[in-house]
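The values are calculated or read from the model by the stated rules, or taken from the named source; none is laboratory data. In this text the structure is predicted, and so the values were computed from the model without any measurement. As a convention, Cβ positions derive from the backbone with ideal geometry for all residues, glycine included, and neighbour counts pool all protein chains shown.
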Amino acid sequence: MSETAVQSVAAEVDDWLARFDDALTREDAEAAAELFLDDSFWRDLIAFTWNIKTVENPDGVRDMLEHTLAHTRPRNWRTSEEPTAAEGVTEAWIEFETEAGRGNGHLRLKDGKAWTLLTALYELKGHEEPKGAERPKGVQHGANRDRLTWMEERRKEAEELGYTSQPYVLVVGGGQGGIALGARLRQLSVPTIIIERNERAGDSWRKRYKSLCLHDPVWYDHLPYLKFPANWPVFSPKDKIGDWLEMYTRVMELNYWGSTTAKSARYDDAKKEWTVVVDRDGEEITLTPKQLVLATGMSGKPNVPEIPGADVFQGDQHHSSQHPGPDAYKGKQAVVIGSNNSAHDICAALWEAGADVTMVQRSSTHIVRSDTLMDVGLSALYSEQAVEAGMTTEKADMTFASLPYRIMHEFQIPLYDEMRERDQDFYERLERAGFLLDFGEDESGLFMKYLRRGSGYYIDVGASELVANGDIKLKTGQVVRLTEHAVVLEDGTELPANLVVYATGYGSMNGWAADLISQEVADKVGKVWGLGSDTAKDPGPWEGEQRNMWKPTQQEALWFHGGNLHQSRHYSLYLALQLKARAEGTPTPVYGLQEVHHTS
Ligand SMILES: Cc1cc2nc3c(=O)[nH]c(=O)nc-3n(C[C@H](O)[C@H](O)[C@H](O)COP(=O)(O)OP(=O)(O)OC[C@H]3O[C@@H](n4cnc5c(N)ncnc54)[C@H](O)[C@@H]3O)c2cc1C
């Protein structure tokens, strides 16, 4: 852009922000709403709504502002870097303040009006994280007879918390989700205990099938505060990521109780407090936190189909999450039911170990080659080239967050068209082998499937070639029963088997609430995950945000946290701030608490 063009783009944004600021300061919701296009989106991450909420169009903006302006008192809107313009859209990174905190965000203007606006609170005034110039000193210089060393302080805290003092937050589940949230709460000085059924942090990865490596590349996977070093592999082997999580848990000074299982939880409406009974290595302990976070994993509650004859089958059978790896199955006949990520990984590892492997595909699967996905789908935000071009993890996360879910598929469809074209030969060979392919109901591909249903895809790291060339045998259809030594399909085909793996996915996270709290609370909270896109496994109506994730639920003081490493990193910030605000007694009036349309 020429200098004059740069100036005019900057002037356009400054002008919009000034008018917006003026309308908000006057608490004129109508005037602010008029600054938005008829077809527009405002996504708010707790700055205005104390919720994760997208409102649409001037009417949605007006309603949100009418309910939030008086207490939010937003001000000081400004750009944080030079705005840009391309193809009729002006984009700007912005900053602002509210009564409670400081925020940042992103603005897209078309024809001088807002098309998309993202506002996100990143810190609470008076409760800023001690970092940079404000970092802890670590030692008190001078002489002090009562001095406690860092180690003594840590030990004291570990001995007292949960026994003579209570955590404000209890996080159930110490996978990467619970750990990332725990790290943020630690920095915000919110007394927190993370409990984990497994012995050690990282075990949730270690215990998965032995061939597993992360499907997402390293640039996408960083945890808060501590990035992977530059020599970390692109795709982390599962045990390596397990070790990283264990190290992270220690250096982040988390109160992490391994070998601890939450047995039951009950909320006392009057006392505004949970009573949670946990088993810590054989000792029953009752904790009374004010806030309960279920970080028990969206890939944690196995869906195991009830198949007649499962009780008479003589071989091994287990869900993919329990699959130990292929070593015991050399020369054996294995049938893997399912055709998504786990099924492909497990089939390939069994084939490598010398098993005779059949994959049973029940419905179509979206496949995208890992290299192509990295190149076309991720490289602009999460890649070495992106890093070299100055992209930070935080900016990449905010860019991703700035696209409203309602229109995200429109941005994704062309990418997947390109991928399909690039790998046309690959897809043709798979189809010739009888594999049922899809690209999502609206051709929008992997991310949308992930956001909508969290399943239905495979990122190809090699198994597809084995399917295409017949090394992994493929059968299509429903399994109707097992016999002593075989899997029987609806068309009568009998597949002899010594091993049956159910790679049949996972259930909604509110199932954890049913197990731990009650079915009544699980139903009250409703389905977790999905957008209400009215596509398979994501029934409508449209919700606008992922159901129940990282935001207030219909059950007071109950929260859900999780998702992939990117989501867990980014959204743990907003969940941590919501919890911190409550811990400090900062008013947190929630706008647009989601309604529940589905119980599971
Ligand atoms: C095969 C496979 C491959 C994947 N690949 C990727 C990838 O490449 N990148 C990515 O980002 N994600 C990937 N995922 C998704 C992955 O599940 C999540 O990213 C990650 O495990 C989610 O972390 P989490 O902490 O939310 O859940 P989990 O890791 O499942 O952790 C939940 C924890 O809760 C504990 N728990 C449950 N109930 C209780 C209880 N009552 N008391 C105490 N503890 C309890 C469990 O033991 C478990 O450790 C993959 C998943 C699978 C299954």
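Can you name the residue in region 451-474 that is within 12 Å of the ligand (Cβ to nearest atom) and more than 16 Å from Met374 (Cα to Cα) and, of all such residues, is nearest to the chain's Cα centre (by Cα)? Once the filter is applied, the top-ranked residue is Gly454.
Could you please find all residues in region 18-40 being over 20 Å from Arg75 (Cα atoms) and among the hydrophobic types (A, V, I, L, M, F, W, C)?
Leu37
Filtered by the rule that a residue be within 16 Å of the ligand (Cβ to nearest atom) and over 18 Å from the mean Cα position of the chain (by Cα), region 556-600 gives no residues. Of the residues Asp425, Asp442, the single one that is over 18 Å from the mean Cα position of the chain (by Cα), surrounded by fewer than 21 Cβ atoms within 10 Å (Cβ to Cβ) and part of a loop (DSSP other than H, G, I, E, B) is Asp442. In region 505-521, the residue that is nearest to the chain's Cα centre (by Cα) out of those that are more than 10 Å from the ligand (Cβ to nearest atom) and at pLDDT below 90 is Ser508. The one condition from (1) part of a loop (DSSP other than H, G, I, E, B); (2) within 12 Å of the ligand (Cβ to nearest atom); (3) buried (at least 20 other Cβ atoms within 10 Å of the Cβ); (4) aliphatic (A, V, I, L, M) that Val278 does not meet is (1).
Picking from residues in region 547-557 that are part of a loop (DSSP other than H, G, I, E, B) and not basic (Lys, Arg), the one that is farthest from Gln594 (Cα to Cα) is Ala557.
Pairs meeting the criteria (first residue in region 579-600 and under 26 Å from Leu65 (Cβ atoms) and in contact (Cβ under 8 Å) with a residue 60 or more places away in the chain, second residue of a type in the set (Gly, Ala, Ser) and not in a loop (DSSP other than H, G, I, E, B), beta carbons under 7 Å, at least 6 apart or on different chains) are Thr588/Ala581. Ser339 falls short of the stated requirement of being within 19 Å of Lys238 (Cβ to Cβ), out of contact with any helix residue (DSSP H, G or I) (no Cβ under 6 Å at 6 or more places or on another chain), crowded, with 16+ Cβ neighbours inside 10 Å and not charged (D, E, K, R). Of all residues in region 204-225, none that is without any contact (Cβ under 8 Å) to a residue 12 or more places away in the chain has its Cβ atom under 9 Å from the Cβ atom of a residue that is basic (Lys, Arg) and near the ligand (Cβ under 7 Å from one of its atoms), 6 or more apart or on another chain. Does Gly544 meet the test of being of a type outside the set (A, V, I, L, M), part of a loop (DSSP other than H, G, I, E, B), buried (at least 19 other Cβ atoms within 10 Å of the Cβ) and within 16 Å of the ligand (Cβ to nearest atom)? Here the answer is no, as Gly544 does not meet what is asked.
Annotation note: of Ala262, Ala230, the sole residue that is over 19 Å from Asn564 (Cβ atoms) and surrounded by 20 or more Cβ atoms within 10 Å (Cβ to Cβ) is Ala262. Candidates Asp438, Asp371: the one that is modelled with pLDDT under 95 and of a type in the set (D, E, K, R) is Asp371.
Among residues of region 303-320 being within 16 Å of the ligand (Cβ to nearest atom) and either modelled with pLDDT of 95 or more or buried (at least 21 other Cβ atoms within 10 Å of the Cβ) (or both), the one that is nearest to Asp438 (Cα to Cα) is Ser320.
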